[in-house]
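Enquirer: Take a look at the following structure, please.
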Amino acid sequence: MLDQFSRTTLQLGVDNMEKLFGSRVAVFGIGGVGGYCVEALCRTGIGRIDLFDDDRICLTNLNRQIIATRSTVGRYKVDVMRERILDINPNAEVGAYKTFYGPDTADAIDLSGYDYIVDAVDTMTAKLELVCRANACGVPVISSMGAANKLDASAFEVADLYETTMCPMARIMRRELRRRGIEALKVVYSKEPAMAPLEDIADSCRDHCICSPDAARKCTRRRQVPASNAFVPPVAGLIMAGEVVKDLIGLIGAPSL
């Protein structure tokens, strides 16, 4: 009988689809990268998805984030993403957690119950904490090394962290994870040199915040507000989703139908 997953089943096979339906994945960071990753995971049939992000949708997110529309500005990203997932697949189980992951909040989140973890957060402290805790639990994790200040969507690669080159974030992650005894980490990264934003909008945001004036964390706390676009972050997110799916089903070549 035809259903919404029929075309995917033609490619992956019934047994593999059952694995995906029974899988539980956590996605940390529901922004330009994480949002598209969640979208693909949902449409592929992942049965249980937990979303972690304490941010609200900002007007400046409309240029690149799949859940950002005029009608969703000001709402929590995890709430909007949860509604979208359930509108696509009402049978999915979705947890929405308004949490900024880091050393202060990590103890409240049990990572051991997940089959896979997606790191799409954009702060180094959160990434390091998440990767170390996932490693301690024996749960596979894939990390995005960043998609801001990039223009070439074709430059992304999947590699082990210790085989990456040209990526400043990956260089810092290598150094810090080596100190912590982490010997491997699957990442999506780009060798494209980062461009410098043409104009820093931080000052105007500080004085005229239009999205979350009462938020505890704001993009304006960064040293420089990063530039981004509609076509680079989605590619990173979709690549991450593909790696999660292939790893969950152990896909090597085409399945036997």
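The values are calculated or read from the model by the stated rules, or taken from the named source; none is laboratory data. As the structure is a computational prediction, the values presented were derived from the model and not from experiment. Neighbour counts are summed over all protein chains in view; Cβ atoms, including those assigned to glycine, are modelled from backbone coordinates with ideal geometry.
Enquirer: Looking at region 189-198, is at least one residue at pLDDT 95 or above, in contact with a helix residue (DSSP H, G or I) (Cβ under 9 Å, 6 or more places away or on another chain), basic (Lys, Arg) and within 30 Å of ARG24 (Cα to Cα)?
Expert: no
Enquirer: On the basis of being closer than 21 Å to VAL38 by Cα, among the aromatic types (Phe, Trp, Tyr) and outside any loop (DSSP other than H, G, I, E, B), does TYR162 make the cut?
Expert: Considered against the rule, which asks whether it is closer than 21 Å to VAL38 by Cα, among the aromatic types (Phe, Trp, Tyr) and outside any loop (DSSP other than H, G, I, E, B), TYR162 comes out as no.
Enquirer: Select from region 94-126 the residues that are in a helix (DSSP H, G or I) and either within 15 Å of the chain's Cα centre (by Cα) or closer than 18 Å to MET169 by Cβ (or both) and list them in ascending order.
Expert: If the condition is that a residue be in a helix (DSSP H, G or I) and either within 15 Å of the chain's Cα centre (by Cα) or closer than 18 Å to MET169 by Cβ (or both), then MET124, THR125, ALA126 are the ones that fit.
Enquirer: Quick one: would you say ALA236 is outside any loop (DSSP other than H, G, I, E, B), closer than 26 Å to VAL38 by Cα, touching a Leu at 6+ places or on another chain (Cβ under 7 Å) and modelled with pLDDT of 95 or more?
Expert: no
Enquirer: Right, next: Any idea which residue in region 41-56 is farthest from MET240 (Cα to Cα), counting only those that are of a type in the set (Lys, Arg) and free of Cβ contacts under 8 Å to residues at least 60 places away in the same chain?
Expert: ARG48
Enquirer: Mind listing whichever residues of region 81-93 are out of contact with any strand residue (DSSP E or B) (no Cβ under 8 Å at 6 or more places or on another chain) and either surrounded by 14 or more Cβ atoms within 10 Å (Cβ to Cβ) or in a helix (DSSP H, G or I) (or both)?
Expert: Within region 81-93, GLU83, ARG84, ASP87, ILE88, ASN89 meet the criteria.
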